[in-house]
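Shown next, in structure tokens, is the structure this report addresses.
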Amino acid sequence: MSLCESIDTLAMAYLDDELASEERRELETHLTECTACRGEVETARGDQSLIQSSLAAPRATDTMRMRLARSFDEADREAARAERRRMSSWLLPGSAIAAAAAAIAVFVGAGKVQTTPVAAHTGSITQVAVQQMPLEIEGPSTEPGLQQYFATMELPNVAQAGSRFVGWRKLSVDGHKSAMLAYDITFEGRPARLRVLVVPELRDGEMTEGDEEQLESGRWIHHYESQGHMIVTYIDAKHNGYMFIADELPPSALIDLVGRTSLVGPQ
Amino acid sequence: MQATKQKRSEFERQALVHLDSLYGAAYRLTRNARDAEDLVQDSLLRAYRFWDSFQQDSNCKAWLLRIVTNTFINEYQRKKRSREVLDAASAEQEATDGVLVHASANDKQSPAQAMLAHSVSDDVQRALEQLPDDFRTAVILCDMQGLSYKEIAEIMQCPVGTVMSRLFRGRKLLAQALREFAVAEGYVKESKPEPSAKTIDLEKYRAAKAASSRTGGNRE
């Protein structure tokens, strides 16, 4: 077994630093004695360095780095949505909701509005929001009255989600002059009854229950589950609070809907 | 939310530091900047998705290169083939694309760097074009990325001996092609290394050596 016979293999493994130390020593000794093998190693070395220098490639561009960062943001959001979907299937069994939703037509049932005087805490706002109450003023034409009622604030416009304004009722919540609005919407192919509780001039800490999350639109929202309802809240730059409930929609869709609803910009 | 942030920062720290290397490999595998960007993005998103399955004590760069290589073999080759069939008629268009793509690959470089990269790398891409995919992949992983034979064997899912012979033949062919282009452009004088038909395999060498020493070391 001579080294010369296997010089192609040995030269390559030698240059790639793949030989065991004993094999390397043996080859190096041989190379001092054998001109032909030394020539082979030099030829292989020449090829390798030509190839290595030729293969140098351009670096990743800044544009590409930015594109990558955006795609990771999107992957993170997608993972969050998947997590919410997982959570929602645990909270609300799908077909049961659809049936229940069909049964609860509007804000049916009695429900006298509870007004908790001073001690304002978000819990009581939620209490009001999840109650089933009759609409005081029904029909799309009633919206101007609502505008007057809330002369100083902008109301949520869910028109872009294919909505129909159903009606509203006046409410007093924790001493706030507020209103419950109802819309029939179709969102992501699902028909749903959207209820929005509008509470102007929130005090600090009100309507900040639940998990905080920033949506794609840059809007910060809170969401949580209460008494079997998924609740999403948003506070605008003027400290007006909006609480959204749409039992027919999965939580992720409700969150997406709130993200797309036109409201006064984030703080 | 917190877990997501932690995963993201871990990934950025351990994986994204290899971005230039991955892009380089992708650039040589796909041989154009646009496909290379797509390949790297797809691969890194895949890696991010499977980050939990990455063994923290193993070589991250080799793991990422494995994903790049597999993605390339599985998707880009197929895509490229179907595109070639569809676009057979528009070879001219493709030539134009090549120029535009090249220009964008070289943004952020000085004009001089861009000129240099352009004239030299055209030859390299043409030379790489002539190599069979397996040879090209082996050469890129070894000579460009510095991976060991064993790591390359794991990525290419073949024995180390196969890696060695692909590398050996790939290097010979590539060096020859590079020299031919250089000759054509008058950079070097002509000299052709003859292709070798010998077996290139360190393990076989070791086995033969062990066998010969067992039989009394009758040296020829």
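The values are calculated or read from the model by the stated rules, or taken from the named source; none is laboratory data. Predicted, not measured: the structure shown is a model, and the values here were computed from it. Backbone-built Cβ (ideal geometry, glycine too); neighbour counts: all protein chains shown. Only protein heavy atoms, including side chains, enter the accessible area calculation; ligands, DNA and RNA are left aside. Shrake-Rupley method; radii C 1.70, N 1.55, O 1.52, S 1.80 Å.
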Self-check item: Computed accessible area, residue A:204, all protein chains, 1.4 angstrom probe, square angstrom
Solution: 150
Practice problem: For each pair in B:172/B:209; B:61/B:172; B:61/B:150, compute the distance between the two Cα atoms and list the pairs where it is over 21 Å. | Solution: B:172/B:209; B:61/B:172
Self-check item: Accessible area of residue A:12 in the full protein assembly, 1.4 Å probe (Å², nearest 10)
Solution: 10
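Sum up the charges of everything whose Cβ sits under 12 Å from the Cβ of residue B:48, counting Lys and Arg as +1 and Asp and Glu as -1, but leave residue B:48 out.
With Lys, Arg at +1 and Asp, Glu at -1, the neighbours total -4.
To one decimal place, what Kirkwood hydrodynamic radius in Å is obtained for segment B:1-52 from all pairs of distinct Cα atoms? Intermediate results must be reported in sequence, preceding the final value.
Details: mean 1/r = 0.0862 Å⁻¹.
So the Kirkwood estimate lands at 11.6 Å.
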Quiz item: From the backbone phi of segment A:44-59, what are the Karplus-calculated ³J(HN,Hα) couplings (6.51 cos²θ - 1.76 cosθ + 1.60, θ = phi - 60°) in whole Hz, Gly and Pro given as x?
Solution: 4, 4, x, 4, 5, 6, 4, 5, 4, 6, 6, 7, 3, 10, x, 7
Self-check item: Accessible-area value, residue B:19, 1.4 Å probe, nucleic acids and ligands omitted, Å²
Solution: 10
